[in-house]
Each structure stands twice: as C-alpha cells, then as structure tokens.
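I have placed the structure first, in the form of structure tokens, so that the comments after it can refer back to it.
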Amino acid sequence: MDVLIQIIASGLTLGAMYAVATIGLSLVYGSLNMLNMAHGALLTLGGYICYATITHLGFHPALALIAAALVCAAAGLVIYAFATLPLLRAENFETNIFIATIGIGSIIENLMLKSFGPYPIPQPLGISGQVVIGNVHIPVQNILILVTALTLMAAVAFLLQKTRTGRAIRATSMNREAAQLMGVRVGQVYAQVLALSGALAAVSGIMISSIATLTPVMGGDPMLKAFIVCVVAGLGNVYGAVIAAIVLGLLEAATQYVFGVRWSFATLLLLVILVLIWRPYGLFGRGQVVRL
Amino acid sequence: MTGIRRDILIGLACLLVAVLVPILLGGRYIVTQATVFFIWAIVVVQWNLVLGIGGIFSLAQMALFATGAYATAMLGFYLKVPMLIAIPLGGLVTVAASMIIGLACLRLRGPYVALLTLAIAQVMFVLIVNDTACFTNSSGCMPLFGGVRGIGQFGDLGLRALFPTKWYVAHYYVALSLLAIAVVFSITVIRGPLGLAFKALRDSPGYALSRGISRFKYQLWIFAVSAFFTGIAGGFYAVHFRVIGPTVFSFPLLLFLIAMIVVGGMGSIWGPIIGAALLMLADEGMKEFSDYRNIGLGLLVTLFVILWPRGLAGWFERLSLLRISDSQKNT
C-alpha cells in the first residue's frame with residue numbers, strides 16, 4: 001500500500017512536469033507543424049534565469065518565476081522572427097525548422113554552460129517540509145509542483161477554449177488556409193504560440209530543476225520524454241498530451257520501482273514503439289488524408 | 001558532360017590528391033586527423049543517403065555507428081575474432097539492427113521517425129552507461145558493454161605490428177579505401193534503381209505510388225544498405241582508437257555531423273564530403289576558441305538552414321546553371 005502511494009505520488013509529480021513541458025511542444029506542433037528541438041534549451045534557460053534573478057538580483061521567488069517565463073517567451077519570439085518566419089517562406093519547412101532548432105538549442109545550452117559553468121547548482125526556488133500519508137513522506141515541493149502544473153493547465157485550457165486568441169490558435173491548427181481565409185492573422189497566432197510555449201517551458205524547467213538540480217544539459221532528458229508523450233498522444237493533440245503525460249509519469253515511476261531506474265526509459269520506449277505500431281498516429285491522433 | 005562522368009572525374013581527382021597527402025605532407029598529426037576525417041566522411045555520406053535521398057528523418061546514425069563499433073569490439077574481446085573478420089561482421093550486425101529500427105519506425109511520418117530514432121539512441125546510451133554489473137573479471141570488473149569506460153584490448157588489424165613506426169599511414173590508406181568504396185556505393189545507390197525510385201516518389205508521388213513503388217519498402221532498403229558502411233566505419237573507428245566508449249553517442253558529435261551535411265548540402269553526392277572537410281578544417285583552425293565550438297556549430301547549422309538550405313552544393317549547382325545559361329546566350 002505504502003509503495004503504491006509512493007509510486008502514485010512521484011508518478012503524478014513527474015507526469016505533471018512532463019505535461020507542462022509537453023503542452024508547449026504540442027501547441028507549437030499543432031499550429032505550425034514545427035518540432036521545436038530548442039524546447040529543452042528553453043527549459044534550461046528558464047531554470048537558470050530563475051536561479052540568477054533570485055541569487056544575484058534578489059528577486060522574490062514569484063517575481064523570478066514571472067521573469068523567467070517572460071525571458072523564455074521572448075526567446076520564443078526570437079526563434080519565431082529569425083528562424084520560423086524565414087523558413088516558412090521556403091519549401092521543406094518541417095525538415096529545415098527541425099535542424100535549425102537543433103542548432104538554436106545548442107547555442108542556448110552552450111551559452112548557459114559559458115555563463116553558469118558545468119557544475120550542478122541547486123534551484124533556490126523551493127519549499128522544504130513534508131506531508132505524511134500512511135507511512136509515506138511526500139515533500140511539499142512535489143505538491144506545490146502538482147498544484148502549479150494543474151493551475152497552468154487549467155489556464156491554458158481556458159485560454160484555448162474561451163478566449164478569442166485561443167479560438168484563433170485552434171482554428172489555425174485545424175486548418176491553416178481556412179483560418180487565414182476567415183481573417184485569422186496566422187503570423188500573429190504563430191508568434192503567440194511560440195511565446196506561450198517558451199513561457200510554459202520556463203515554468204516546467206523551474207519545476208524540474210527544483211527537484212533535481214540545474215545543469216546546462218538538464219533540458220535534454222525532459223524534452224525527449226515530452227516528445228515521447230507528444231508522439232504517444234499524437235503530435236499536436238494538446239489534451240491527449242496531458243493525459244499521456246500523466247500516464248507516462250505514473251508508468252515511469254512504476255517501472256523505476258519494479259525494474260530499477262536503469263530500465264525505466266527503455267521500457268517506456270518499448271511501450272511507445274508498440275503503441276505506435278498499433279496506432280501509427282498516436283493514441284489520440286487522427287490519420288491524415290494526403291491529397292496528391 | 002554527363003553526371004556520372006563528372007562524378008567519376010571528381011572522385012578520381014580527390015582520390016589522387018588523397019593518396020599523395022601522406023607522401024607529400026607526411027606529418028603524423030595531419031595524417032591521423034585526415035584518417036578521422038575519412039571516418040566521419042563515410043558516416044555522413046551514408047547518412048546523406050538516408051536523409052537527403054530517402055527523405056527519412058533518422059537521427060539514429062550515430063547509434064548505428066556505435067552498433068558497428070561495439071559489435072566489432074565485442075567480437076574481438078569476447079570471442080577473439082580477428083579484426084579483419086570482425087569489422088565486416090560488425091557491418092552486418094549494424095544492418096540487422098537498422099532493419100529492426102527501420103521496421104519499428106519507418107511506417108511513421110517524418111517527425112515521429114526523428115523523435116523515435118533519437119530516443120532509441122538515448123536508450124542505448126543510458127543502458128550502456130548505467131551498466132555496472134560485472135560481466136567478466138578477467139582484467140578487472142567489466143560490464144557486458146564496457147560501461148562508462150568502454151571496451152579496449154580487442155586486437156587490431158595487425159598493421160601496428162607490420163609497420164611499427166608508420167602504422168598511422170597504413171591506417172590512413174585503409175580509411176581512404178573504405179571511404180572510396182563507400183562513395184562509389186553511395187553514387188550507385190543514388191544513380192541506381194533505389195535513387196530513381198525516390199526521385200519518382202518525390203517528383204510525382206501519386207504516379208509513383210500507383211505504379212507500385214512502395215515508399216516504405218524503399219525506405220527500409222536504403223536505411224538497411226546505408227547502415228552497412230556506417231557500421232564498418234564504426235568498426236574501423238574502434239580499431240583505430242583501440243577503444244570504444246559511450247562518447248560516440250554524445251550530442252555535440254551528432255551536431256558536428258549534422259553540420260557537415262547541412263553545410264555541404266543535403267541530398268547531393270559530393271556536398272557531405274565537402275562539408276566534412278570544411279568542418280574538420282574549421283575545427284582545427286578554431287582550436288583556441290574550443291569553448292565556443294558548440295555555439296559556433298549551432299550558429300553555422302542555423303544560418304545555413306535558414307539562408308542556404310541546399311548548402312555549398314547548391315551554390316555550385318547555381319554557378320554551373322549560370323554558366324550554362326550564359327553559354328546558351330552566346331550561341
């Protein structure tokens with residue numbers, strides 16, 4: 001029983017963090033068909049900005065969180081202006097933007113390495129203390145992460161469902177040309193989506209670094225997992241991605257307990273491949289009909 | 001001049017220059033660096049077949065390279081297979097591995113393939129690095145795949161014993177011949193039925209599909225055949241450095257190789273080799289700024305993709321097109 005509580009507690013925390021990282025990726029893919037390989041670097045950037053503003057500038061933690069989100073949103077806009085926009089005009093957008101964002105990610109990550117050094121730094125934003133359920137001690141930090149993640153997800157869902165901007169984003173991801181014909185400024189939607197995805201990346205980077213540590217390469221692993229989540233859910237499907245993230249988080253916690261940490265990623269990947277053989281467009285994805 | 005004739009001429013000219021390098025500039029450093037260049041050139045030439053010709057967004061190339069290298073090293077270490085046999089066997093193991101990866105991934109669409117292949121490479125890396133259980137104790141504890149330290153002492157081609165002082169020159173020529181064979185192979189693939197099938201699929205997918213050209217089948221083929229020389233390059237890499245470790249999975253290395261293809265020009269025959277040569281040279285020239293190496297690589301990749309997506313090969317093509325239109329104007 002205690003084991004089960006432990007697995008559920010850590011699995012939900014993992015899942016919540018993956019979900020926040022995944023929403024951004026999924027939104028960007030859904031509306032632009034762009035796989036943002038710089039997403040992991042944006043997570044790292046967010047984590048470090050939060051650390052730097054708290055320790056060096058003496059910001060209040062809440063302010064630091066906002067500052068990190070703003071900086072990463074700005075980084076998303078920069079990516080839009082200098083990479084996405086020119087590439088959208090050329091052919092082979094999907095391939096080219098993929099490679100370009102690999103390059104951008106490497107630039108950001110190595111700038112972090114230059115400015116903060118390769119050694120792990122603890123994230124100052126955090127709460128100590130524990131809650132005891134049964135015989136299991138759960139850090140308050142994990143609960144805080146869960147609450148923040150849920151709030152953010154609710155906010156994003158509200159934005160997507162109820163606001164004008166959200167409607168424009170959804171319309172664009174459903175059918176770009178039709179949205180454009182209906183007067184949606186597609187370029188503006190792209191910029192908004194990339195900025196939003198950057199801000200979400202920052203928050204999830206802060207969450208991840210607050211239970212692990214800050215290192216320049218910390219973004220790679222969560223990004224890969226977020227991608228896997230996206231793939232399982234079907235690329236571009238935001239709500240499916242949230243469900244898939246939480247399920248994968250729970251699964252990861254369970255496999256870590258059953259097979260050991262070493263095998264958890266391998267088991268996850270095997271599952272993902274099996275799912276994809278069964279449903280090539282992901283669990284919630286719909287097959288695309290290609291007209292020639 | 002037809003395309004195939006031009007390719008043969010360029011190839012022979014490059015080969016001639018390369019054969020003369022150790023004789024004219026016999027410095028050990030230049031020769032060993034050139035050997036490393038040949039290894040990476042083999043890898044990018046084969047990767048280019050997958051990326052540029054097959055249109056498969058695979059990031060598993062270094063994982064396949066590692067498969068070849070590890071297979072060779074393990075055959076030598078555990079079964080004492082001589083390297084001359086172990087390297088081709090490693091190539092075959094790599095083909096088998098790529099068939100499995102291909103069967104799992106290639107039915108999916110582009111971005112899914114990229115992510116899955118990247119994840120597969122990452123899983124291999126994690127499994128090798130986190131392995132700490134002893135598999136043998138013959139010379140200290142060693143995990144099955146060598147763990148973080150990698151595998152060493154699996155023998156070599158015998159060239160070190162044959163030419164005690166000049167073995168590196170011998171390795172240079174081995175690598176050069178491997179590259180030459182790999183290039184000839186890639187040209188035959190590009191200009192042969194496989195390349196034609198992909199050209200048909202690209203130019204008119206509907207017509208190609210209705211004529212029975214299955215994209216999946218040909219993608220699986222090109223993925224499998226290009227793995228052979230990738231694996232052999234891996235095997236030679238292991239033999240050349242006498243050790244193979246998990247560093248071959250590192251992301252900066254992957255970025256370095258992507259940069260070679262992007263700068264040279266994806267999908268062209270000679271582009272990746274030009275790119276590999278340029279980036280190796282740039283890497284040498286920028287040794288003092290090695291801190292900024294990965295930032296520079298990232299910038300280079302990004303700039304080329306945005307400004308010149310067809311790479312240097314695209315420039316040459318445009319130049320020759322200009323010349324043709326000029327000569328047409330004159331006549």
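What follows is calculated from the coordinates using simple rules that are stated; it is not laboratory data. This structure is a prediction, so every number in the text was calculated from the model and none was measured. When we count neighbours, we look across all protein chains shown, and the Cβ atoms used for this are built from the backbone with ideal geometry, even at glycine.
Miscellaneous remarks
- Neighbourhood net charge (13 Å Cβ-Cβ; Lys/Arg +1, Asp/Glu -1) for A:T215: -2
- Extension gain, B:A161 back to B:F241 (0.36 nm per residue minus Cα-Cα distance, nm): 27.3 nm
- Tail beyond 31 Å, pair distance distribution of chain B (Cα, percent): 34
- Approximate shape of the protein assembly as shown as ellipsoid semi-axes (Cα gyration tensor, √5λ), whole Å, largest first: 41, 31, 23
- Label point distance in nm, B:A170-B:L92, each placed 7 Å from Cα along Cα→Cβ: 2.6
- Burial order of peptide ranges B:187-193, A:45-51, B:85-91, B:265-271 (average beta-carbon count within 10 Å, highest first): A:45-51, B:265-271, B:85-91, B:187-193
- In Hz, Karplus ³J(HN,Hα) per residue of region A:257-262 (6.51, -1.76, 1.60; θ = phi - 60°; x = Gly, Pro): 6, 7, 9, x, 4, 4
- Stokes-Einstein translational diffusion, region A:160-292 - Kirkwood Rh over all Cα pairs, 1.002 mPa s, 20 °C, in µm²/s: 126
- Shielding by partners for peptide B:57-69, expressed as the average number of C-beta atoms from other protein chains within 10 Å of each residue's C-beta, is 1.
- Inter-label distance, A:L77 to B:D326: 4.6 nm, where each label sits 7 Å from its Cα along the C-beta direction.
- Summary value for region B:65-130: 25 percent relative contact order, contacts being C-alpha pairs under 8 angstrom separated by 6+ residues.
- Of A:L235, A:L152, B:V239, farthest towards positive along the dipole that unit charges on Lys, Arg, Asp, Glu beta carbons give the protein assembly as shown: A:L235
- Positive-end ranking of B:G90, B:G152, B:L49 along the dipole of region B:19-178, with charges on Cβ about the Cα centre, is headed by B:L49.
- Crossing angle, helix B:193-203 versus chain B [Cα axis fit, 0-90 degrees, rounded to tens]: 50
- A cut-off of 5 Å between modelled amide H atoms, ignoring neighbours fewer than 5 places along the same chain, links B:V81 with B:G76.
- Working ranking of peptides B:217-226, A:12-21 by packing, defined as the average number of other Cβ atoms within 10 Å per residue, highest first, is A:12-21, B:217-226.
- Across peptide A:222-229, the average count of Cβ atoms from other chains found within 10 Å of a residue's Cβ is 3.
- The alpha-carbon of B:K199 sits under 26 angstrom from the alpha-carbons of these lysines, leaving out residues fewer than 8 places away in its chain: B:K217.
- Cα convex hull of region A:2-278 - mean projected area over all directions, nm²: 15.3
- Which of B:V301, A:G11, A:Y119, positive extreme of dipole for the protein assembly as shown (C-beta unit charges): B:V301
- A cut-off under 12 angstrom between Cβ atoms defines the neighbours of B:L196, and their net charge, with Lys, Arg +1 and Asp, Glu -1, is +3.
- Estimated vicinal HN-Hα couplings, Hz - region A:194-202 in sequence order (Karplus 6.51, -1.76, 1.60; Gly, Pro = x): 5, 5, 4, 5, x, 4, 5, 4, 4
- Sequence-distant residues sharing a close amide H with A:I133 (under 5 Å, placed H): A:I138
- Taking max minus min of the alpha-carbon positions on each principal axis, region B:1-147 gives extents of 58, 44, 25 Å, largest first.
- Seen against the Cα atoms of chain B and their longest principal axis, helix B:251-264 is set at about 30 degrees.
- Chain B, relative contact order in percent, only Cα pairs under 8 angstrom and at least six apart counted: 28
- Comparing A:P124, A:P86, A:P216 in a Gaussian network model of chain A, where Cα atoms under 10 Å apart are tied by springs, the biggest mean-square fluctuation is seen for A:P86.
- With 10 Å bins from 0: P(r) over region A:49-107, alpha-carbon pairs, percent: 22, 35, 23, 16, 3
- Packing, taken as the mean count of other beta carbons within 10 Å per residue, orders the peptides B:100-107, B:55-62, B:237-244, B:5-12 from highest to lowest as B:55-62, B:237-244, B:100-107, B:5-12.
- Just so you know, the averaged projected area of the alpha carbon convex hull for region B:32-94 sits at 4.8 nm².
- Scalar couplings 3J(HN,Hα) for region A:35-47, obtained by applying the Karplus form with A = 6.51, B = -1.76, C = 1.60 to θ = phi - 60°, are 8, 8, 6, 8, 4, x, 5, 5, 4, 4, 4, x, x Hz; x denotes Gly and Pro.
- Entry note, region A:2-278: relative contact order of 41 percent, from Cα contacts under 8 Å with a spacing of 6+ residues.
- Counting Cβ atoms of other protein chains within 10 Å of each Cβ in B:295-301 and taking the mean gives 6.
- Angle in degrees between helix A:61-79 and the longest Cα principal axis of chain A, rounded to the nearest 10: 30
- Around the Cα centre of chain B, unit charges on the Cβ atoms of Lys, Arg, Asp and Glu (plus for the first two, minus for the last two) sum to a dipole of about 700 debye.
- Among B:F185, B:F216, B:F229, residue whose mean-square fluctuation peaks in a GNM of chain B (springs only between Cα atoms under 10 Å): B:F216
- Projecting label points 7 angstrom from Cα along Cα→Cβ for A:A62 and B:V19 puts them 7.7 nm apart.
- Semi-axes of the equivalent ellipsoid of region B:223-331 are 32, 19, 12 Å, computed as sqrt(5λ) over the eigenvalues of the C-alpha gyration tensor in descending order.
- Simple Cβ-charge dipole of chain A, Lys/Arg +1 and Asp/Glu -1, about Cα centre, in debye nearest 20: 700
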